[in-house]
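Q: Before I ask anything, let me first share the structure, which is written out below as structure tokens.
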Amino acid sequence: MVKKRILLKVGSNTLTKETDHISRGKIEDIGRQIAKLKDDYEFIIVSSGAIAAAKQFVKLEHNGEEINVKQALAAIGQPHLMRIFQENFRELGLFTSQCLLSYADFEQPDSKANIRNTINVLVANNCIPIINENDTVSTAEIQFGDNDKLAALTAALLQVDLLMIATNTDGIYTKKSLAEKHPATIDTVTDINALQQEISSEKSSHGTGGMQSKIEAATIAQNAGIATWIVNGLKENFIIDSLNGNAKHTKISTT
């Protein structure tokens, strides 16, 4: 049986459970679900959280260039983030690997081929790729996007079956329902352009993307023939519940 391939993007708010620290419990929750699904699905993870991980250990002096400080924090936090993934996943019988990418890597045919080949070998050998932006050389996702675009570009390159973006809401809410303080999820979307009038420009506490960057990511995926689901990563068992239709989320279809 051919396994379906899911690219799971998890942002900083999901990994911290909206606190100031990376949640080992949330990473364990993700690993536990992948372990249960591994006979039917292949997983590739695009993970933010390096800066949040660093802030648990250090406080750097501000030199007037905040983006430089964030890059330095990412360099400090990335090994800690990977260690937390590795320790939690290993206890579940899962092996992990690190892949650091930048937008420039998707502009060169040789680089794209190398990304595709490397990740395919990792997945074929049951080693889960955990991808993050190479913040030392690139600042795009630090400043805006929270890895949403990076996830979409990777999904398109690898031609995955589903792009699942974990955030802190039950998908995309209608603007009217938010104004009335009773959020109502938009279940299915075919026309992404029509969503622009529904989404808010507001960004989450740790993330840098907001819903706008997720819509832009879904547009990249849709153009590549890939469906995008926006799910609530703060909830336990969110991957399995979404796949089984037991959790509210927004599905952005390929047509």
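Bear in mind these aren't lab numbers, they're just calculated from the coordinates by the rules spelled out. As the structure is a prediction and not an experimental result, all values here were calculated from the model. FYI the Cβ positions are ideal-geometry reconstructions off the backbone, even for glycines, and counts take in every protein chain you see.
Q: Would you work out which of 37, 74, 8 lies farthest towards the positive end of the dipole of region 4-252? Charges go on Cβ: Lys and Arg +1, Asp and Glu -1.
A: 37
Q: As an exercise, identify the GluC sites (Glu not before Pro) in region 30-84 lying in DSSP coil whose Cβ has no more than 14 other Cβ atoms within 10 Å.
A: Taking region 30-84 and a limit of 14 other Cβ atoms within 10 Å, the loop GluC sites (Glu not before Pro) found are 61, 65.
Q: At residue 3 and residue 193, where each label point lies 7 Å from the Cα along Cα→Cβ, what is the point-to-point distance in nanometres?
A: Those two pseudo-labels are separated by 3.9 nm.
Q: Moving to a separate point now. Under a 5 Å amide H to amide H cut-off, with H placed in plane at 1.01 Å, what residues pair with residue 102 once short-range neighbours are removed?
A: Here the answer is 134, since their amide H atoms fall under 5 Å of that of residue 102.
Q: How large is ³J(HN,Hα) for each residue in region 16-23, as worked out from phi by the Karplus curve 6.51 cos²θ - 1.76 cosθ + 1.60 (θ = phi - 60°), to whole Hz, x for Gly and Pro?
A: Residue by residue, region 16-23 yields 9, 6, 6, 10, 9, 9, 4, 8 Hz.
Q: Then there is this: If you line up the Cα atoms of the chain on their principal axes, what length do they span on each, largest first, in Å?
A: So the three principal-axis extents are 50, 43, 38 Å.
Q: What shape does region 24-155 take by its C-alpha gyration tensor, where a ≥ b ≥ c are the square roots of the eigenvalues and a/c under 1.5 counts as rounded, a/b above b/c as prolate, and the rest as oblate?
A: Judged from the Cα gyration tensor, region 24-155 comes out oblate (a/c at least 1.5, b/c at or above a/b).
Q: Same structure, new question: Which order results if 228, 154, 188, 16 are arranged by neighbouring Cβ count within 10 Å, fewest first?
A: Ascending number of Cβ neighbours within 10 Å: 188, 16, 154, 228.
Q: Something else: Using the crude model of +1 on Lys and Arg Cβ and -1 on Asp and Glu Cβ, and no other charge, please compute the dipole size for the chain relative to its Cα centre, in debye to 20.
A: Roughly 460 debye, rounded to the nearest 20.
Q: How many percent of DSSP beta bridges within region 4-252 run antiparallel, rounded to 5?
A: 10 percent
Q: Which whole-number percent gives the relative contact order of region 4-252, counting Cα pairs below 8 Å spaced six or more residues apart?
A: Taking the mean separation of contacting Cα pairs over the length of region 4-252, I get 24 percent.
Q: If we count other beta carbons within 10 Å of each Cβ, what is the order of 137, 10, 123, 189, fewest first?
A: Final ranking by Cβ density, sparse to dense: 137, 123, 189, 10.
Q: Here's another thing I want to ask about it. Can you give the local net charge around residue 234? Use residues other than it whose beta-carbon is closer than 9 angstrom to its beta-carbon, Lys and Arg +1, Asp and Glu -1.
A: With Lys, Arg at +1 and Asp, Glu at -1, the neighbours total +1.
Q: Now a separate question. Order by neighbour count: 249, 21, fewest other Cβ atoms within 10 Å first, most last.
A: If I rank by nearby Cβ atoms, fewest first, I get 21, 249.
Q: Please identify every one of the trypsin sites (Lys or Arg not before Pro) in region 149-189 that sits in a loop by DSSP and has no more than 15 other beta carbons within 10 Å of its own beta carbon.
A: 181
Q: Given R₀ = 25 Å, what would the calculated FRET efficiency be for residue 253 paired with residue 40, taking r from the Cβ atoms and rounding to 0.05?
A: 0.75
Q: Which residues' amide hydrogens lie under 5 Å from the amide hydrogen of residue 173, considering only partners 5 or more residues apart or on another chain, with H built in the peptide plane?
A: Residues meeting the criterion, in which the H sits 1.01 Å from N, are 186.
Q: Count charges around residue 159 for me, please; just the other residues with Cβ under 15 Å from its Cβ, Lys/Arg as +1, Asp/Glu as -1.
A: Net charge in that neighbourhood comes out at +3.
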